[in-house]
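The block underneath contains the structure these notes are about, expressed in structure tokens.
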Ligand SMILES: N[C@@H](CCC(=O)N[C@@H](CS)C(=O)NCC(=O)O)C(=O)O
């Protein structure tokens, strides 16, 4: 008999940062209890939540006495906790190769992608500002061009197997491909994305959730 999961994820399924965590957990075969919070569900500005995550954002992971916020820290924690070495290599050089993409996602691609996503999906049609959308679209195209080039010659972002670099980047790539915008043809990016789309866990926690 398997023991019950000790893990709780606080956060709505349509947050790309929650999606990283849920997708990773499914990839490593760990179940969790997820509680809808944030966005339309609210709850994330309540004192009880702020005690766990003082920033009032999702996700937050609870693992018995351990409470972790920041989605990239959560996915690293889970790989360490469950010994998922292929996803988060032990070798310091290989680990740095993965982590540079995680930092780029957090510092650069994530904010640019969020601006584009929010200016379309989270803005009512009558309030959308086309000039802003065009600027955000172009900025995303410039950033995804870098990822496209980096994917030339290997299956995944860092080498030929899935790592945390793919896990943090692909949910944003899903949005990029699904948004109603014009995009340059990025052949390496498309090939990688199609490969990622073959993973049942990505289908369930990212594609299946849709754009909302
Ligand atoms: N850097 C943080 C960002 C967290 C974040 O901004 N989360 C968004 C959802 S993607 C949020 O909580 N927004 C407010 C809300 O959902 O009410 C992380 O990666 O965990």
**OP:** At least 1 residues that are more than 10 Å from the ligand (Cβ to nearest atom) and touching a helix residue (DSSP H, G or I) at 6+ places or on another chain (Cβ under 7 Å) in each: list the helices (runs of 4 or more DSSP H) lying fully within the stretch 1-91 that qualify.
**Re:** 16-27, 71-81
**OP:** List every residue pair whose Cβ atoms lie under 7 Å apart, where the two residues are 6 or more positions apart in sequence or sit on different chains, the first residue falls within the stretch 43-59 and is at positive phi, and the second residue, located anywhere, is near the ligand (Cβ under 9 Å from one of its atoms).
**Re:** 43/37; 56/44; 56/45
Original post:
Quick one: in the stretch 116-133, which of the residues that are touching a residue at least 24 places away in the same chain (Cβ under 8 Å) and assigned to a helix (DSSP H, G or I) is surrounded by the most Cβ atoms within 10 Å (Cβ to Cβ)?
Top reply: 116
**OP:** Give 98, 57 a once-over and let me know the one that is in the same structural domain as residue 156 (by TED's automatic domain parsing) and surrounded by 12 or more Cβ atoms within 10 Å (Cβ to Cβ).
**Re:** 98
**OP:** From the list 30, 115, pick out the single residue that is closer than 19 Å to residue 205 by Cβ, modelled with pLDDT of 95 or more and out of contact with any strand residue (DSSP E or B) (no Cβ under 6 Å at 6 or more places or on another chain).
**Re:** 30
Original post:
Would a scan of the stretch 132-140 turn up a residue that is modelled with pLDDT under 95 and closer than 20 Å to residue 19 by Cβ?
Top reply: no
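The values are calculated or read from the model by the stated rules, or taken from the named source; none is laboratory data. This structure is a prediction, so every number in the text was calculated from the model and none was measured. Every residue, glycine as well, gets a Cβ built from its backbone with ideal geometry; the counts of neighbours run over all protein chains shown.
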